[in-house]
Ligand code: GLU
């Protein structure tokens, strides 16, 4: 991929002030973009509006600016993008890649065997869909094929979503788009080519690649930065 087309981003969640670890990630993604002569964007990851703290966005942007980390384009906010997420969900519904689910966390924990990030959904609503007049989340139906990518820091990563993660939520029962879908749609709509972010999201990447494949979206380059501890 030509470095002329490099587009990177830093996507903080406005759930509090920018802490030191996030600043390290911001610097890494900024430096990588500038090193490649690329464009660097700040995106406000406030899709989970139940976790948004008033004032946090302004404080994060001020901190980034103080360190000279300025977005090359006006920052976009996930809370302004619900129609883009709804149309992506509709594509997934039309393609038969998602199904409705109203299981509680407790029910999933009781029945699911454990995966790398908690219980694996046992498929209850896949076989017994909830009634149409009941609120439900949407789950992405994973398959058994391996998903592999070459992380620029961690090397070759492979997951089998069916064994490791299970069918995951892309739209929440409370009507908010889930992070795993929102991030894919945002990265595609902003023509992001390179993702540099914290290693806490390394294990989410195969889910995001599966959603990209389902929607026919381009693949991205990933670099996960080890987390600052303590
Ligand atoms: N909003 C996420 C965070 O603050 C980052 C998401 C991403 O970079 O994909 O951890």
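Nothing in this text is a laboratory measurement; each read-out follows from the coordinates by a stated rule. In this text the structure is predicted, and so the values were computed from the model without any measurement. Neighbour counts are summed over all protein chains in view; Cβ atoms, including those assigned to glycine, are modelled from backbone coordinates with ideal geometry.
Just a few scattered comments:
- Relative contact order %, the chain, counting alpha carbon pairs below 8 Å whose residues are six or more apart: 22
- By the count of neighbouring beta-carbon atoms within 10 Å, fewest first, 117, 156 end up ordered 156, 117.
- FRET efficiency, 1/(1 + (r/R0)^6) with R0 25 Å, evaluated for residue 150 and residue 116 via beta carbons: 0.85
- Taken over region 73-227, the percentage of Cα pairs per 10 Å bin, counting from 0 up to the bin with the maximum distance, is 10, 39, 37, 13, 1.
- Helical contribution to [θ] at 222 nm, DSSP H n ≥ 4, -39,500 (n - 2.57), averaged over the chain, rounded to 500: -9500 deg cm²/dmol
- Choice from 153, 142, 211 with maximal GNM fluctuation in the chain (Cα, 10 Å cutoff): 153
- Between 104, 29, 71, the Gaussian network model of the chain with springs among Cα atoms under 10 angstrom shows the greatest mean-square fluctuation at 104.
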